[in-house]
1. What Kirkwood hydrodynamic radius do you get for the range A:122-182 when you take the inverse of the mean 1/r over all pairs of distinct Cα atoms, in Å?
2. Treating the Cα atoms of the range A:51-144 as identical point scatterers in vacuum, please give the log10 of the normalised Debye intensity I(q)/I(0) at q = 0.10, 0.20, 0.21, 0.25 Å⁻¹, two decimals.
3. Using a basic spin-label model with each label point 7 Å from the Cα along Cα→Cβ, how many nm lie between B:Phe31 and A:Asn475?
4. Distance in nm between label sites at A:Lys92 and A:His53, each 7 Å beyond Cα in the beta-carbon direction?
5. For A:Trp45, which sequence-distant residues (separation of 5 or more, or a different chain) have an amide H within less than 5 Å of its own amide H, given hydrogens modelled in the peptide plane?
6. For the pair A:Asn32/A:Asn127, report the inter-label distance in nm, with labels modelled 7 Å from Cα in the Cβ direction.
7. State which entries of A:Lys342/A:Lys478; A:Lys320/A:Lys342; A:Lys91/A:Lys156; A:Lys449/A:Lys478 exceed 31 angstrom in Cα-Cα distance in the structure shown.
8. Computed over the Cα atoms of the range A:75-126, what is the ratio Rg over Rh, Rh following Kirkwood?
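Bear in mind that the values in this text are calculations on the coordinates, not laboratory data. Since this is a predicted model, take the numbers as computed values, not measurements. So basically every Cβ, Gly included, is an ideal-geometry build from the backbone, and we count neighbours across all protein chains shown.
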Amino acid sequence: MNEIKKSKWSEDWLSVFIGIVVVFLSLFNIFNIDFLGWATEPDIWTDYTKAFHSASPNYSYLSTPISILLTYIFTASIFSLFIRLVQPDLKKFLISYTFIFIASYFCWFLGHYAYIAATKDKLATYNIPWSLSLTGEAGYIFALVFGLIISNFLPKFADKVKEAAKPELFIKSAIVIMGATLAVKSAESFQLASIVIIRGAAAILVAYLIFWSLVYWVARRYFGFSREWAVPLAAGVSICGVSAAIATGAAVRSRPTVVIMVSSLVVIFAVIEMLLLPFLAQQFMWNEPLVAGAWMGLAVKTDGGAISSGAITDALIRAKKLEMDGVTYAEGWITMATSTVKMFIDMFIGIWALILAYIWSTKIDATNKKMSFNDVWQRFPKFVLGYILVFLIVLLIFLSSQTDGVLSNNLRLANTESNVFRGLFFVMTFFSIGLITNFKKLVDEGLTKLIMVYVVSLFGFIIWIGLAIAWLFFNGIKPPMGNL
Amino acid sequence: MKSDEKENLLKELNSTTTDPILPIEKKLVAFSVGLGLLFLFIFYILNYVILKQS
């Protein structure tokens, strides 16, 4: 793991700067100035020449290589600009960054191959008979696996190219940008279905007050994990995945390597859940569609994984309902239940991290009994501030622009553009995690214990309690009728 | 990750002895679960009332 040198700036602060710069530049769309529209990300493809498109129609004339090149130049510049505050050897960083960008981008592209990514409801659209239905999120897994292969089988090469492998910096920057995405979603969701909100709020209580504590207790009491391991593990297993593991790990000052190992497990298990739960929901909950949607939000750990599962469940359940009862539900309501639940959970990450930071600095790691504001401040994950700031600003702008159709559309475009970078930073996070983590020995000797607590907690009670809660709050609520 | 750091992590993972559970941790877990169940009950009642009214 590359450690940031001692500086008054931390990775936390760098991620705030980077995330805010991206969102700030995208928001120029409000004034019809499109700074970031050339950014590009892969779409699901069967013909690789049509896999990419620029984020904004204003730049549709650009060829794919130019769009990718501009995306690279922009991200390399912005990371170089801020990384200089803590790391003077820019040349090594840039060489490494270039490799990580190319490898991550390739995995991202590969993960969007229709036979891998297309969900069942889209098979006809892509004119293919079957698909693994992993959604584009499969690119993250490819990136992780590719990084692990390099790290484990080409360790000398991995050492040479891991200077810029900074998963925390990438993911925290992505989370700050995610504040904008969630703000737009919030405004839209609130308008569409305010009745779902109170049920989503319940998910917070389940996720953190009940799940976290139970997993923490299991990890500490029955598996003998230290506090440093148990805190991010409980956050990662219980509901909020990678970002929660990072936020709570930072709050109790877990070492980055501990958080990375937990995060890697979260990703792997989220994929297993994505493959399993939507089909279980289709089989047993086709008559309670919003229960199924909320369950995905409560049970599947990563944001991407949960919302993808919600979308798959949406398609599967609507098809099943049509087959069984001849009734067609409107599309998107099940996914909306998932994303609303997930959104509330995400919003609670910072609050829980703050509570843990307070308890740890006053009661557990306390060097003296009195706690100063500085103690809490030092432990508080700063990127959460960036996330909240971006969320509030974009939400306020969006809410004030709702009567202005052009402005609303421009804001959605801004969100689309900044979201390209969020996705890119996510995939670079996964590749970086793989690149700096040598699991070979851990799998042989130690990871079993980590996996055991994860399996026991997740499949032992979290999924089932989540299902019970989803049923308590969402049963009997049906989506409106629509077209399949 | 340096090799000695990896070794330390492995030792930690496989360690059978760990730092003892402090009373504050027990309180945190008990309080958190209790509060969660209480809020769950309150929200369920509110939810029920809202549903009945709507």
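1. Computed over the range A:122-182, the radius equals 14.6 Å.
2. -0.38, -1.02, -1.06, -1.17
3. It is 3.3 nm.
4. About 4.3 nm separates the two model spin labels.
5. Those lying under 5 Å, H to H, from A:Trp45 are A:Tyr113, A:Ala114.
6. Each label point lies 7 Å from its Cα, and together they span 3.9 nm.
7. With Cα atoms farther than 31 Å apart: A:Lys449/A:Lys478.
8. 1.29
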